[in-house]
Every structure is written in structure tokens, then in C-alpha cells.
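The structure under discussion appears below in the form of C-alpha cells.
The values are calculated or read from the model by the stated rules, or taken from the named source; none is laboratory data. Remember, predicted model here, so these are calculated numbers, not experimental data. Please note: Cβ atoms are built from the backbone with ideal geometry, for glycine as well, and neighbour counts cover all protein chains shown. For accessibility, only protein heavy atoms count, side chains too; no ligands or nucleic acids. Shrake-Rupley method; radii C 1.70, N 1.55, O 1.52, S 1.80 Å.
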Amino acid sequence: MSFFKKLRESIAAKTESVTKQFRDGLEKSRKGFVEKVAELVTRRKKIDEEFFEELEEILIGADVGVNTVLTLIDDLRNEVKQRRIEDPAELQPLLSEKLTELLRGDEDNEIHLSQDGISVILFVGVNGVGKTTTIGKLAHYYKQQGKKVILAAGDTFRAGAIEQLEVWGQRVGVDVIKQQAGSDPAAVMFDAVQAAKQRGADILLCDTAGRLQNKSNLMEELNKIYRVIQREIPGAPHEVLMVLDATTGQNALNQAKLFGEKSGVTGLVLTKLDGTAKGGIVIAIRQELSLPVKFVGLGEKIGDLQKFDSEQFVHGLFAGLINDEEASAEA
């Protein structure tokens, strides 16, 4: 059975609305990456060094990451030799199979919530990546599951951050714990934890600053927040999610490297995937950071934040080719 057929059968068991969100959200990446691969395969009639060089350029252009691309091309070369593949068209399902393997990784991309009591999820990341919006969407995601959610407005330094979170709180219908702009974020977290306990919350989602306007170090501020949360709820925070803007490509990867090493990040959220043709950055991040991608933003609507699924991602990328294969099989 071909890889595309297996993938299609696996996807068939999943929610059609989610499959559509991945397909629609990855449209730009599909056009900027997969369609270029399809064009290369159609134009070149044999697999030679020039073919691999062009494929390498397409993959690097899609922000898959130079190191990952070089390894991937070497793997494909070996497969071509071993299987004696001559037709470039046979490489397309093979390439998608390899990409699925790279995306899957060993890490667990489930969100780990507390088995009993309040689950605390802390959000970190630089300003402008969509952190507050992600918190609002995740609040909606959990509220839809019947969970009682509270938000903590811990980014007290960025102008408008508290108000932005309040707007999301009203929109989703959840409480927002806040103090005045410029106040101590750790004090906000203390208040938020107390409120979560008193109000019987299941999940506390905590916003934090992307940078500070004063002299104190951002990592010191985060450590202070950790200490307050851990003192009040042993074992918390249960997740520390770093939010990255997929449209910034390699810059997002560099941010994750700098931030992730020091802030105890347990997983990543990639926003604005629908706004970039460089969806390959998901693969680069998975390979170079060994951190699981837990959620992806696939659009601007409140329900467009989805749990990351490597099969849905690859299916969304290669949707056109999969449909073509299906059509030719039926013909």
C-alpha cells in the first residue's frame, strides 16, 4: 500500500473539520513548497545530481532548515539507490513519508494536565508572536470541553496587554485576574492561583511578559513567577508553552533556542501558520530543538488553534498530490 493511501486511511478516522482546518491553514505552504516539488518532478524526467540540488533549494526555501535538508537529501539518495528508483514521481510519497517521520519525533505532544486539582499552563515568548491571542483561543478550547478556566494577566509591562487579555476573557466567558499596569507579575500570579483555588478552576492559563521595560532581567522575573506558582501548587506549572510566530521562519527558531534553554519550556505553540509559505519551519524546529509542537494556529477564528498532529500536517501539505493519486487510481 502506498504511503499516501495509508495516510489517507489514517486521516479518514479523524474529524473532518480538523482535517479541513489543516488543509486550509497550510494552503500557502502547499503552494510555496509542495507544488514546487510537483513541478520539479514533472519537469525532470530522471533523478540525477541536478534534481537533488533543485529539491534541496526548494526545501531550504520552505525553511525546513539547512541541517535537516542535508540529512533528508542524503536519506533520499540512499533510498533511490537501494530501491533502484528512476522515476522522480516515485519520490513524492517517499519525501512525505520522511517528513512525517521527522515531524513525529520521540517527544510526547500531549498537553499534561494535573490529575487532581488545578492545572497551570504558563505561556512565554517575545512580544508580537500572538501569545495573548493563543491564550484566549486555548481558553475557548478548554471551555468547549467543559473545563472551568481562569486567565492570569501576568504581562503587566506591555501597553494594552492586560486589556487585550480582558477582551479575550469576555469573548470566551472566563474570569481574568489582573492588577494595574507595571505591577509585579509574580503578585498577579499569586492572586490568580488564590482565585483559581477559591473558584474551583480546572485550568489556569498564565500570560507573561515578552520583555521588560525596567532594568530587571526577564528570566529572573520568570523564575520569580515559577517560585510563587510552585509554592502554592506543588508540581506546577504543568506545562510551559513557548509561543512562536511561524511567519518569522528561522528567526522563530533562533528565539526558541535563546528562550527555551533558560525558561524550562515543555512544548511549543506555532501561530500564524496560515500566513506563511514557509511551513517547513515546523520541521526545522522539531529537528533542531527536540521540543514537541503541541498546538498550531491555522487561522484567525477562535476555533483555529489545533492540537498538532504530524499526519494531519503532512496530509494538509500534500493534499493536492494525495487527491491526484486517488483520482488516477480510480481512473
Which of ASP309, ASP184, ASP245 ends up with the largest GNM mean-square fluctuation for the chain, with Cα atoms connected below 10 Å? ASP184
For the range 119-309, averaging the sequence separation of alpha carbon pairs under 8 Å that lie six or more residues apart and dividing by its residue count, the contact order in percent is 25 percent
For the chain, longest principal axis from Cα atoms; helix 218-232 axis from its Cα atoms; angle between them, nearest 10 degrees, is 70 degrees
Per residue accessible area in Å² of the chain, where ligands, DNA and RNA are left out and the probe is 1.4 Å: 45 Å²
Determine the share of the chain's accessible area contributed by carbon and sulfur atoms, expressed in whole percent, with a 1.4 angstrom probe. 46 percent
So, by mean Cβ neighbours within 10 angstrom, what's the order for 223-235, 71-83 with the highest one leading? 223-235, 71-83
Work out, step by step, the length gained on full extension between GLN250 and LYS14: first 0.36 nm times the residue separation, then minus their alpha carbon distance; give nm to one decimal. 81.8 nm
Which of the residue pairs LYS14/LYS197; LYS20/LYS45; LYS28/LYS294; LYS28/LYS131; LYS148/LYS272; LYS28/LYS137 have a Cα-Cα distance greater than 25 Å in the structure shown? LYS14/LYS197; LYS20/LYS45; LYS148/LYS272
Kindly state, to the nearest 0.05, the FRET efficiency for GLN198 paired with ILE302, given R0 = 25 Å and r defined as their beta-carbon distance. 0.35
About the Cα centre, and with charges only on the beta carbon of Lys, Arg (+1) and Asp, Glu (-1), how big is the dipole of the chain? Nearest 20 debye, please. 980 debye
Linear extension gain, GLN144 paired with GLU57, 0.36 nm per residue minus alpha-carbon span: 27.0 nm
Lysines whose Cα lies under 19 Å from that of LYS224, excluding same-chain neighbours fewer than 8 positions away: LYS178, LYS215, LYS262
Angle check, please: helix 250-260 long axis (alpha carbons) against the longest principal axis of the chain (alpha carbons), in degrees 0 to 90, nearest 10. 40 degrees
Rounded to the nearest 500 deg cm²/dmol, what is the calculated helix-only ellipticity per residue at 222 nm for the chain, with -39500 (n - 2.57) per DSSP H run of length n ≥ 4? -16000 deg cm²/dmol
Reviewing (1) 1.93; (2) 0.99; (3) 1.09, the figure for Cα Rg over 2.2 N^0.38 Å actually calculated from this model sits under (3)
